[in-house]
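The values are calculated or read from the model by the stated rules, or taken from the named source; none is laboratory data. Everything quoted here is computed from the prediction, not taken from an experiment. When we count neighbours, we look across all protein chains shown, and the Cβ atoms used for this are built from the backbone with ideal geometry, even at glycine. Surface areas here come from the heavy atoms of the whole protein model, side chains and all, with no ligands, DNA or RNA. Shrake-Rupley method; radii C 1.70, N 1.55, O 1.52, S 1.80 Å.
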Amino acid sequence: MPFKIVRNDITKMQVDAIVNTANPRPIIGGGTDSAVYKAAGKKLLLAERKKIGKIARGQAAITPAFNLKAKYVIHTVGPRWRGGNHGEEGILCSCYENSLRFAKENGCKSIAFPLISTGVYGFPKDLALQIVISVVSKFLIKEDMMIYLVVFGPKETRLSEKLFEKIESYIDEEYVAIKRREEYSDDFAGEVSQRSRRVVPQYKAEETKTSADHSLKDLMEQSDETFQQMLLRLIVEKGMTNAEAYKKANQDKKLFSKIKNSVNYQPKKKTAMAFALALELNLDEAKDLLSRAGYAFSPSSHFDKAIQYFIETKKYNIYEIEIMLYNLGLETLCNY
Ligand code: AR6
């Protein structure tokens, strides 16, 4: 899983490099900066930081990490938010890009970022997250590194309030409608919304299809492609390379090799879902791919409903999805 959002104190991260939201001058500031100095050893780290001198906004520098679990601290100076018309977005992009460059040049296999500039510097979190998603998407398509986005609290990372409201109401509506049908009867159909009415019968139809009503002929005519065969076929049909596919699915090379080498590979449900998103499948195709591994979207799982929502609304950026799932208080695709 090359990208993961976690709730933690960044000084506790066991990674090759942690990123510090540094002050332009070699002094110890507040927020992440103070926590990093405290955990690394104030005197030791400050002596190294002084050797670097002033750091311009958007730039980065690297030092040892002393008493931290990490090997390096990458010091980057974010933009102070001044309304958005002073090049703040470009500077923040540079912070992430330059930090990743330093990490790569120093052979780091993993790095942890805080949400730079969103504390003392007041950068809006929604926008900061969009920048993280865009830089990380571009970087990971070419490079192999484990990138952690470390946030302090669950409400810290509201990506887009409107989008959240939509997903939350989608999940609730579906869930309530289905539960009501299960617990009472179809009489409630008049009470549920248009959307729920449209979705519930789909499940009924599916259940009927997979029940004993299947004629032997139907079963025989079904393609006997395995998950692995269907996945590899779809990658070719979508004009993607294998690397593009597993990277877009936020999966690592090792796992993909295992899939490639075993025709009957049994993926975890979340892995199958991640590939459905990476391949930008529509809902029917996604259901088909999942079914090859023996899975289905569960009508009573909020997580499954959220994934269905992303597919139906064609939101396929896996990094954005990870952040949205985290914010919804759901499991993320990479937690198993
Ligand atoms: N671990 C993870 N995230 C944290 C931690 C922590 N220990 N502490 C705070 N955050 P900030 P900035 C989050 O203020 O806005 C200093 O004085 C925090 O909730 O650390 O770039 C420096 O010297 C927020 O979301 O950095 C600079 O002068 C995010 O980290 C200036 O502040 C960034 O908040 C830098 O300000």
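Annotations
- Residue identified as open to solvent by less than 30 Å² (accessible area, probe 1.4 Å), touching a strand residue (DSSP E or B) at 6+ places or on another chain (Cβ under 7 Å) and among the hydroxyl-bearing types (S, T, Y) among Y246, Y319: Y319
- So I74, is it in a strand (DSSP E or B), without any contact (Cβ under 8 Å) to a residue 60 or more places away in the chain and surrounded by 17 or more Cβ atoms within 10 Å (Cβ to Cβ): yes
- Residues of segment 6-40 satisfying the condition of being under 23 Å from Y319 (Cα atoms) and of a type in the set (K, R): R7, K12
- Among the residues listed as R80, R101, R57, the single one being open to solvent by 30 Å² or more (accessible area, probe 1.4 Å), in contact with a helix residue (DSSP H, G or I) (Cβ under 6 Å, 6 or more places away or on another chain), more than 13 Å from V15 (Cα to Cα) and not small (G, A, S): R57
- Selection within segment 27-56 - out of contact with any Phe, Trp or Tyr (no Cβ under 6 Å at 6 or more places or on another chain) and near the ligand (Cβ under 10 Å from one of its atoms): I27, G29, G30, G31, T32, D33, S34, A35, V36, Y37, K38, A39
- Some residue of segment 5-20 being open to solvent by less than 40 Å² (accessible area, probe 1.4 Å) and touching a His at 6+ places or on another chain (Cβ under 9 Å): yes
- Selection from segment 99-123 of residues that are more than 14 Å from the ligand (Cβ to nearest atom) and either under 24 Å from the mean Cα position of the chain (by Cα) or farther than 22 Å from L46 by Cβ (or both): L100, R101, F102, A103, K104, E105, G107, C108, K109, S110
- Filtering G83, G53, G30 for residues that are small (G, A, S), without any contact (Cβ under 8 Å) to a residue 24 or more places away in the chain and farther than 16 Å from V150 by Cβ leaves a single hit, G83.
- Within segment 280-303, the set of residues being over 23 Å from I259 (Cα atoms) and of a type outside the set (G, A, S) comprises P299, H302, F303.
- Looking across segment 298-316 at every residue that is open to solvent by 10 Å² or more (accessible area, probe 1.4 Å) and either among the β-branched types (V, I, T) or assigned to a loop (DSSP other than H, G, I, E, B) (or both), the one that is nearest to I147 (Cα to Cα) is identified as Y316.
- Verdict on I18 being at pLDDT 95 or above and either more than 8 Å from the ligand (Cβ to nearest atom) or in contact with a helix residue (DSSP H, G or I) (Cβ under 7 Å, 6 or more places away or on another chain) (or both): yes
- Test: residue in segment 58-65 that is in a loop (DSSP other than H, G, I, E, B) and either among the hydroxyl-bearing types (S, T, Y) or over 29 Å from P2 (Cβ atoms) (or both): no
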